[in-house]
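Down below is the structure, laid out as structure tokens.
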Amino acid sequence: MFDVMVILPLAATGAGAILIMLVAAFETFRREGISILGMGLFAFAFFIQLTVDNSGDIYPFAEVFNGMLVANTFTKVAGLIILACGFFSALAAQTYFTQNKGFVLEFYCMLLFAAFGMLLLTMVAELITLFIALEIMSLAVYTLVGYDRHSVVRAEAVLKYLMLGAFAGAFYVMGAVLVYAGTGSTSFAAIGAVVADSGYLSNPALVGGSFLILFAFLFKAAAFPFHAWVIDVYDGAPLPVTAFMATAVKTSIFAVLANFLLINPEVHQGWVTFLFYLSILTMFAGNLIAIGQQNLKRMLAASGIVHTGYLLIALVALGSERFSGGAILFYLAAYGVATLGLFVALSYLSGQDERRVSFDDFRGLAKVRPYSAACIAIFLLSMAGIPPTAGFMGKFYIIAGAFQAGHAVLAVLGIVSSILSLWYYLRLIIVMYFREPEQRFEVAELTLAPLGTIVLAVCVFAISFYPVVL
Amino acid sequence: MIEHYLSLSVLLFCLGVLGVISRRNVFVVFMSIELMLNAANLGFVAVARLHQSMDGHVLALMVMAVAAAEAALALAVVILLHKHKGNLDTNIFSLLKG
């Protein structure tokens, strides 16, 4: 019975997606109705996830399916973040499609299917389940990127994403073959036991397989050698979809990585050296790209790479004494709130057909729409890590964790990178506040996005008060 | 015996990687990705035999199902691109360049 309780949010999301698919076939439901339904289903799944009590490690299918899934407080909070991201992406979509073409009723269905895959991904404890969850998520997100068939830009974005995503997926599968050959099992616990027993180096198949799996995950998380696709795909996707990819996909990927690395210290130890260098390279590569961007969406994509770098620092420090996944989730929540806030604000400010997307287009926004500009400023300051925002606390926990784990170099470089990132975050604030307005920033009436922006701006401060046990 | 199967599997996989990297036609690229997935399938079945367990068989079946779903999506994208550009060479898709 308890097994069923744990996967109830998962079931609710999947059933919700199918419900929307069915409802979309009827003429009576139009865009507004489906939007509200989609948001309602996300909220519903969120509250179910909130009420499920899964403290401690629980293996929902321990007896039936050989320990396929694991549930604990970590997976629960990761699921909450994903569902909240889904809710606000749906809210952004509601507003976005009042001024933009290319809406299909199945949009929210794909959003829910993607969230379903992500929830499953946070709970996996086994290579087969991981692959299926990864693909459920990826296929739904590919569709979301390219469903607007009349736009050439979207088609190019989905081509790039699908080609590279499927390539990375094939690497993952080959990695799984080699790990399975090396250890004789596909479950994380058994792989961890083999690693703890004989180490990585005595087992060449395991080493090769781990590398291939690492490649696939670095690709999905947009870390250093595999980060180039992210800028183009985020730029080519519709705004609400970009918001969803930037936040929810990242949350689920880091949840599964942390889940895997936390099995035992030996597993973690083998990965630390690579993650150490990758985190440094990711941060600085992201900063370099972001500084050169003129387009807001591309800048946010590049800054997403930088945030991946910080999360990799957290993974390096993970599992060391008194440092749990709490800091990772806190950072993901803080980053998610700020990013979603920006995208929700952009969804009503960007105007018809995403007209306003570059820095210069937002000249003088503060004079015309002071509240929107203030909210955007709050989100940007949170992403840059200025106190007392959630972004500052997230960075603080991660850097403190790196110090505790004895990686002082990493902590210092993290701070340097955070100072560099001020360059492009403050640039937008300067443009908004210290330039004369040239546009009237007219927006569509009766939309939810302005309200959502204010809620998220409040969340930026509210989350920063939430204590994390380091 | 198992070494031969695994060598063949890795060889096929490398051929697939080579195809993805060197060919410019979208269609051939997707075919190469399918080749990579099938190479992995061969590996799974061989290793399942080696370890006398069913996990590899299950994973091979799952990979087939997912590969089919991915192929369906890939074909849709191919048709979409052909409609827009009338050509499937990856070099002509250059609207998003950063």
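Since every read-out is calculated from the coordinates, none of them should be taken as a lab result. In this text the structure is predicted, and so the values were computed from the model without any measurement. Heads up, the Cβs are rebuilt from the backbone with ideal geometry, glycines too, and the neighbour counts pull from every protein chain shown.
Worth pointing out:
- Against chain B, whose longest principal axis is taken from its Cα atoms, helix B:26-51 shows a tilt of about 10°.
- Relative to one another, the C-alpha centroids of region A:225-265 and region A:290-310 are positioned 13 Å apart.
- Shape descriptor for region B:2-87: Rg over Rh equals 1.09 (Cα atoms; Rh from the Kirkwood inverse mean 1/r).
- Percent breakdown of C-alpha pair distances by 10 Å bin, ordered from the shortest bin, for region A:1-127: 13, 42, 27, 13, 4, 0
- For the segment A:133-143, counting C-beta atoms of other chains within 10 Å of every residue's C-beta and taking the mean gives 2.
- Measuring max minus min along each principal axis, the C-alpha atoms of the protein assembly as shown give extents of 74, 57, 48 Å (largest first).
- Relative contact order %, chain A, counting alpha carbon pairs below 8 Å whose residues are six or more apart: 15 percent
- Amide H contacts under 5 Å for A:ALA71, placed H, 5+ residues apart: A:ILE58, A:TYR59
- Axial C-alpha extent at least 27 Å, average Kyte-Doolittle at least -0.5 - helices from chain A (DSSP): A:31-51, A:73-99, A:127-146, A:152-183, A:265-291, A:296-317, A:326-349, A:408-433
- Fewest neighbouring Cβ atoms within 10 Å first, the residues A:PHE29, B:PHE13, A:PHE88 line up as A:PHE29, B:PHE13, A:PHE88.
- With a simple spin-label model that places each label point 7 Å from the Cα along the Cα-to-Cβ direction, the separation between A:LEU426 and A:LEU451 comes to 3.7 nm.
- Convex hull projection area averaged over all views, region A:1-61, Cα basis, nm²: 4.7 nm²
- For A:TYR147, neighbours were defined as the other residues whose beta-carbon sits under 15 Å from its Cβ, and their charges (Lys and Arg +1, Asp and Glu -1) total +2.
- Scattering from region A:342-440 was approximated by placing one identical point on each alpha carbon and applying the Debye formula without solvent; log10 I(q)/I(0) at 0.11, 0.25 1/Å stands at -0.41, -1.26.
- Positive-end ranking of A:CYS375, A:LEU312, A:LEU332 along the dipole of region A:300-391, with charges on Cβ about the Cα centre, is headed by A:CYS375.
- Compared with the dominant Cα axis of chain B, that is its longest principal axis, helix B:2-22 is turned about 10°.
- P(r) tail, region A:188-316: Cα-Cα pairs separated by more than 26 Å, 27% of all pairs.
- The lysine pair count for the protein assembly as shown, using Cα distances under 28 Å and pairs eight or more places apart or on different chains, is 29.
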